[in-house]
1. Residues of the stretch 55-69 being out of contact with any strand residue (DSSP E or B) (no Cβ under 6 Å at 6 or more places or on another chain) and either within 30 Å of residue 153 (Cα to Cα) or part of a helix (DSSP H, G or I) (or both), which ones?
2. Out of all the residues in the stretch 142-167, which are at pLDDT 95 or above, assigned to a strand (DSSP E or B) and either more than 10 Å from the chain's Cα centre (by Cα) or surrounded by 23 or more Cβ atoms within 10 Å (Cβ to Cβ) (or both)?
3. Kindly indicate which of 178, 170 is within 18 Å of residue 31 (Cβ to Cβ) and modelled with pLDDT under 85.
4. How many residues are in a helix (DSSP H, G or I), modelled with pLDDT of 95 or more and touching a strand residue (DSSP E or B) at 6+ places or on another chain (Cβ under 6 Å) if we restrict to the stretch 103-135?
5. Can you pull out the residues in the stretch 70-102 that are part of a helix (DSSP H, G or I) and over 20 Å from residue 141 (Cα atoms)?
6. I'd like to check something: does the stretch 117-132 contain any residue that is farther than 30 Å from residue 151 by Cα, touching a residue at least 60 places away in the same chain (Cβ under 8 Å), crowded, with 20+ Cβ neighbours inside 10 Å and under 20 Å from the mean Cα position of the chain (by Cα)?
7. Here are some residues: 117, 207, 148. Which one is out of contact with any helix residue (DSSP H, G or I) (no Cβ under 8 Å at 6 or more places or on another chain) and within 18 Å of residue 50 (Cα to Cα)?
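The values are calculated or read from the model by the stated rules, or taken from the named source; none is laboratory data. These numbers were taken from a predicted model, which means no experiment stands behind them. Note that we place each Cβ from the backbone using ideal geometry, even for glycine, and neighbour counts take in every protein chain shown.
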């Protein structure tokens, strides 16, 4: 009986030590996509406000990136700024200032694109998020979600989101949506189904005054 008890205790100790040696990955990675087609360039101020909010809540070890959606968005060149914050708080503070400075400089020289490659932007976002190894991964999208692809570009295929959470921000209505409101609903439904089929989740936030649930 004594031997059995000692065996149980040994198993419990092994379990506890294993649990302690494999902490849960609590790191967060956020990739923001900014549509730069048409009048959407005017959304940069709203995007800046959200980035300021994120810089205030993200911690050492977390990651943040901003990229533009333009004519061909599956490219590193579309990433405006990216950073994984240092584990030293003093270094993290410096990195946050540098990140915001790059965004301000980008906004001053922002030029609109002729096409809108949402799919390419999503693919680049997923690739970046996977590389961070973060336990919680978010794709924030500033766009009307209407895709307009250059002739010859192929984007009609499934996307694997690997559990990433997609948050569509301030999804503006197009002038054509006023004629037929169903078009707006169709775009949201199309992207929601596409994300969910790729093992991700999607929700829409149009009220940008309340950001406390942005990374729920």
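1. Hits for the stretch 55-69 are 55, 56, 57.
2. Residue satisfying the conditions is 166 alone.
3. On the way: 178 fails: within 18 Å of residue 31 (Cβ to Cβ).
Within the list 178, 170, the selection yields 170.
4. Qualifying residue count, the stretch 103-135: 4.
5. Within the stretch 70-102, the first condition is being part of a helix (DSSP H, G or I), and the residues that meet it are 76-78, 89-102.
Hits for the stretch 70-102 are 89, 90, 91, 92, 93, 94, 95, 96, 97, 98, 101.
6. yes
7. Working: 117 fails: within 18 Å of residue 50 (Cα to Cα); 148 fails: within 18 Å of residue 50 (Cα to Cα).
One residue alone meets the criteria, 207.
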